[in-house]
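Quick note: the coordinates plus some simple rules give every number you see, no bench work behind them. Computed from a prediction, not measured in an experiment: that's the story for all the values here. Cβ placement follows ideal geometry from the backbone for every residue including glycine, while neighbour counts extend to all protein chains displayed.
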Amino acid sequence: MSRFRLPARVAPSPAAEEPGLQNSAARLRSSREVQSRILAERRAPEAGLPAENIEDQLPDLPTSPLAEAGLAGKREGERDQTLSPALPPDTPAGVLVKPRKEKLVVLFRLPLATERRLKQIPGAGEVTPAYMLRAFAKEARAELRRLLAEEDIKAQADEARRIFAMSATDMAVGEAMTVYAQGSAIRAMHAALGDPWQIEPRATIVGAFLAAIASRLIEARRVR
């Protein structure tokens, strides 16, 4: 069996015998042409081929332009500058990318006046106030996730400004909870509350809008 030689494309990597080539072989593993050239150079003394004829013995293997560009970037220390998985390189120009949601932990706090209105909602005597608050918070979180831009937050902007300007003594005891919001909506919320440079913590800004949404839901269901 020793007289049969494995083809170049299925031959073992030269890094298996020479540890010094492990790093370079790992970087160039996606380029079969480079690996074939290394193997041909190693076999040249055995086959009796001069060094200048090695290139003629190499098979014409197709190479990927994207792979070569990626290898060049990694060799220059650009490993962190990778393409976003949400936008593949071959994505057509007219295709819209799905917006990215951000995860935040906010303090769900309502104004004291709004929390007192829970008693005016039909069926309030059948459940506890804490249960009602969790139900309204769940509904408000779902609506918060659907907000995309400035046009979507206009309905809650005035109430959010009022809540954002309130002192701590005018607010009920809060409960920390996880919410999801679109990045574009968060930027619009900062601008609506007079913070275009986004100095205030995002959790504070989004928490004001979450409370504004819940306040509107409570106001819509209470008995007038």
* In the P(r) worked out for region 107-224, what percent of Cα pairs fall beyond 20 Å? -> 38 percent
* Asked: Could you give the nm distance between label points at residue 126 and residue 107, where each point is 7 Å from its Cα heading toward the beta carbon?
  -> 3.5 nm
* Structure fact -> Where a ≥ b ≥ c are root eigenvalues of the Cα gyration tensor, a/c under 1.5 meaning rounded, otherwise prolate if a/b exceeds b/c and oblate otherwise, region 153-197 counts as oblate
* **Phi to ³J(HN,Hα) by Karplus 6.51 cos²θ - 1.76 cosθ + 1.60 over region 158-164, Hz, x for Gly, Pro** => 5, 5, 5, 5, 5, 5, 5
* Structure fact -> Sequence order, region 139-152: Karplus ³J(HN,Hα) from phi using 6.51 cos²θ - 1.76 cosθ + 1.60, θ = phi - 60°, Hz rounded, Gly and Pro as x, gives 5, 5, 4, 5, 6, 4, 5, 7, 6, 10, 8, 4, 5, 7
* Taking H as built 1.01 Å from N, whose amide H comes closer than 5 Å to the amide H of residue 102, not counting residues under 5 places away? -> 181, 182, 183
* To do: Return the long-range amide H neighbours of residue 172 (sequence gap of 5 or more, or a different chain), with a cut-off of under 5 Å between placed amide H atoms.
  => 110, 112
